[in-house]
Amino acid sequence: MHGFRSATAIVILAFPLPLAGPAGAQDLDAIAKAMGVGKVETLHYIGSGTFWAVGQSYRPGEPWPRFNMVRATRAFDLKQDVFVNDFVVTQGENPPRGGGQQPVIGEQRRASGIAGDKAWIVMGAFTMATSRFQPTLRHDYWTSPHALVKAALTDQSKLTPAEAGATFEVTRAGRWKARVFVGKANLVERVESWVDSPVLGDMAVVTTYGAYKDFGGVMAPTRIQQSAGGHPVLDFTASEVKINGGGITAPTAIREAPEQVKVDRAAEGVWFVAGGSHHSAAVEMRDHVILFECPLGDGRTQAVIEAVKKTIPGKPIRFAVNTHHHFDHAGGLRACAAEGAAIVTHAMNKPYFEQAYAAPRTLEPDALARSGKKAEFVTFEDKHVLSDGARTLELHLVKDNAHNAGLIVGYLPKEKILIVADAFSPREPITAVPARLNPFTTNLWANLQQLKLDVDTVIPIHGRMVKVEELRLAAGAK
Ligand SMILES: [Zn+2]
């Protein structure tokens, strides 16, 4: 089927034919009219389905981990440019495998939204601004069928005949671009778009809008399927679509605070670089600095680099250690490479990063893209030692940890400090063995025993710096 379609496309390219006869004439006004764009102020898609967490695969290159979306509302306000995504998830991968806040215990609400350029995310009782998800939320709003046609009308986009329909393009420089396929029924059926990812660069997204139904003169799709970075991210079926139901509000006072970086001394020459959702650690060597974890993207990591330079003046950051390839933990590596640091990562990640870094970065070129430099890698399998003779940082693979196949921890033998991401994140004080043990934490503890690491203090990438006793309790160990 696919091969046949490709062959047909080649014939059409070679012998251009007028595809749209008089009865099938397509223009933006006809598309807007068919979809009822002029009648829509708000749209609520209510339903269920599946989503996958981008950048959180167990192993680089594998599909993103899957979650069940048991109830979901995707609400659009096309007058105010507001998009609210509010859903209830349950664990999809059994046993848990990969990131995206696994394991989900029971049902968990997740919500996020965007109003104009202000994006937010709901974390339990708190609503906070998010720069991390702002580009994709904005992209998801603008690549929804009715918003896209509105944008095309504003731009007066040109319609190009295509096999069984027509295409048009919409571009927002520095943000996203989309190529839109409209079928013969004048409905948006497929969108190929690109949005910036700190790891993948111009990340390709493909969205199909199917099973359109008429809701009082407004045509809306009841099946939405999306892939991003080559793997599925959404399969949503609407059981109900409400037109002009109103009631979509953005939280007030969602202002992005400037990056907070709080540097605490963990030991002589060892610093806990905290203050954000994802922390780092800095290790001072004789003539250079090792930065352990470069999270999120240029914004966070550049603020961390500045703070480290102030704390340890006059020494270059020579190594940037990456705990695992998950995009929230690897998104700032390119900022470190632009700074001249070599990326120290598990061997399985190098081909993946190299391929990703070779992709175009035209939407939001980051510091490395602008510098013209190339990232350098230092890789290892089970163990790697960085030492200047006086201070030593060991890196160990955490074997068989279901969070990530290439998860590594840092260990400073003299200081008895362990640096760990995601397998142990002590946010609240841990004073007793939890009722339900986290499999990522129990595996971490087993690895520490196997490696015979003598740990006194734990620097976590999420949470508080703690004594090892809290880790021991969290792992349910004697
Ligand atoms: Zn992770």
Self-check item: Members of the range 451-470 found to be closer than 16 Å to I408 by Cβ and in a helix (DSSP H, G or I), listed by number
Solution: L451
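The rows are residues; the columns are (1) over 28 Å from Q101 (Cβ atoms); (2) free of Cβ contacts under 8 Å to residues at least 60 places away in the same chain; (3) over 26 Å from the mean Cα position of the chain (by Cα); (4) not assigned by TED's automatic domain parsing to the domain that holds E284.
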| position | (1), (2), (3), (4) |
| --- | --- |
| T392 | yes, yes, yes, no |
| L397 | no, yes, no, no |
| A402 | no, no, no, no |
| I417 | no, no, yes, no |
| D422 | no, no, no, no |
| T441 | no, yes, no, no |
Quiz prompt | Unique residue being open to solvent by 20 Å² or more (accessible area, probe 1.4 Å) and either within 30 Å of D155 (Cβ to Cβ) or not β-branched (V, I, T) (or both) when the list is T73, T50 | solution = T73
Quiz item: F272 fails exactly one of the following numbered conditions: (1) part of a helix (DSSP H, G or I); (2) in contact (Cβ under 8 Å) with a residue 60 or more places away in the chain. What is the number of that condition?
Solution: (1)
Quiz item: On the given criteria, is T362 in the same structural domain as D400 (by TED's automatic domain parsing), polar (S, T, N, Q) and surrounded by fewer than 19 Cβ atoms within 10 Å (Cβ to Cβ)?
Solution: yes
Quiz item: Does L448 meet the test of being in the same structural domain as G297 (by TED's automatic domain parsing) and part of a helix (DSSP H, G or I)?
Solution: yes
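Output the residues belonging to the range 307-336 that are within 16 Å of the ligand (Cβ to nearest atom), open to solvent by 10 Å² or more (accessible area, probe 1.4 Å) and not hydrophobic (A, V, I, L, M, F, W, C). Outline the logic, then answer.
We begin by selecting, within the range 307-336, every residue within 16 Å of the ligand (Cβ to nearest atom); these are 321-333.
So of that shortlist, the ones also open to solvent by 10 Å² or more (accessible area, probe 1.4 Å) come out as 327-328.
Residue satisfying the conditions is D328 alone.
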Practice problem: Mind counting the residues in the range 406-440 that are within 16 Å of the ligand (Cβ to nearest atom) and either open to solvent by 10 Å² or more (accessible area, probe 1.4 Å) or assigned to a strand (DSSP E or B) (or both)? | Solution: 10
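Restricting to the range 76-92, name every residue that is part of a loop (DSSP other than H, G, I, E, B) and buried (at least 17 other Cβ atoms within 10 Å of the Cβ). If you could, list the steps in order and put the result at the bottom.
Step one: list which residues in the range 76-92 are part of a loop (DSSP other than H, G, I, E, B), which gives 78-81, 92.
L78, D81, G92, listed by residue number.
Have a look at R132, R59, R66 and point out the one that is within 16 Å of the ligand (Cβ to nearest atom), under 17 Å from the mean Cα position of the chain (by Cα), at pLDDT below 95 and open to solvent by 30 Å² or more (accessible area, probe 1.4 Å). Full working, then the answer.
Working: R59 fails: at pLDDT below 95; R66 fails: at pLDDT below 95.
Going through R132, R59, R66 in turn, the sole match is R132.
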Exercise. Mind listing whichever residues of the range 380-405 are more than 16 Å from the ligand (Cβ to nearest atom) and assigned to a strand (DSSP E or B)?
Key: F380, K383, H384, V385, L386, S387, T392, L393, E394, L395, H396
Exercise. Kindly list the number of the only condition in (1) in contact with an Asp or Glu (Cβ under 8 Å, 6 or more places away or on another chain); (2) open to solvent by less than 10 Å² (accessible area, probe 1.4 Å) that fails for L395.
Key: (1)
Exercise. From the list A211, A204, A185, A173, pick out the single residue that is surrounded by fewer than 22 Cβ atoms within 10 Å (Cβ to Cβ), among the hydrophobic types (A, V, I, L, M, F, W, C) and modelled with pLDDT under 95.
Key: A173
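Just to verify a result, which residue in the range 96-126, among those that are within 16 Å of the ligand (Cβ to nearest atom) and under 18 Å from S277 (Cβ atoms), is most open to solvent (accessible area, probe 1.4 Å)? So that I can check it myself, show each step before the final result.
Kept after step one, since they are within 16 Å of the ligand (Cβ to nearest atom), are these residues of the range 96-126: 96-104.
Narrowing further to those that are under 18 Å from S277 (Cβ atoms): 99-102.
Details: G99: 0, G100: 15, Q101: 117, Q102: 16 Å².
So, considering only residues that are within 16 Å of the ligand (Cβ to nearest atom) and under 18 Å from S277 (Cβ atoms), the one most open to solvent (accessible area, probe 1.4 Å) is Q101.
Only one of W194, W176 is out of contact with any helix residue (DSSP H, G or I) (no Cβ under 6 Å at 6 or more places or on another chain) and of a type in the set (F, W, Y); which? Break it down stepwise before answering.
Numbers: W176 fails: out of contact with any helix residue (DSSP H, G or I) (no Cβ under 6 Å at 6 or more places or on another chain).
Just a single option satisfies the conditions, and that option is W194.
Out of I224, I254, I248, which single residue is open to solvent by less than 40 Å² (accessible area, probe 1.4 Å), under 25 Å from P145 (Cα atoms) and not in a strand (DSSP E or B)? Working first, answer last.
Numbers: I224 fails: not in a strand (DSSP E or B); I254 fails: under 25 Å from P145 (Cα atoms).
On inspection, the qualifying residue turns out to be I248.
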Self-check item: Residue selected from the range 426-453 under the condition in contact with a helix residue (DSSP H, G or I) (Cβ under 9 Å, 6 or more places away or on another chain) and not hydrophobic (A, V, I, L, M, F, W, C), by the criterion nearest to K262 (Cα to Cα)
Solution: P426
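The values are calculated or read from the model by the stated rules, or taken from the named source; none is laboratory data. For clarity, every value in this text was computed on a predicted model and none was experimentally measured. We place every Cβ from the backbone using ideal geometry, glycine too, and count neighbours over all the protein chains shown. We work out accessible area using only protein heavy atoms, side chains counted, and drop any ligands, DNA or RNA first. Shrake-Rupley method; radii C 1.70, N 1.55, O 1.52, S 1.80 Å.
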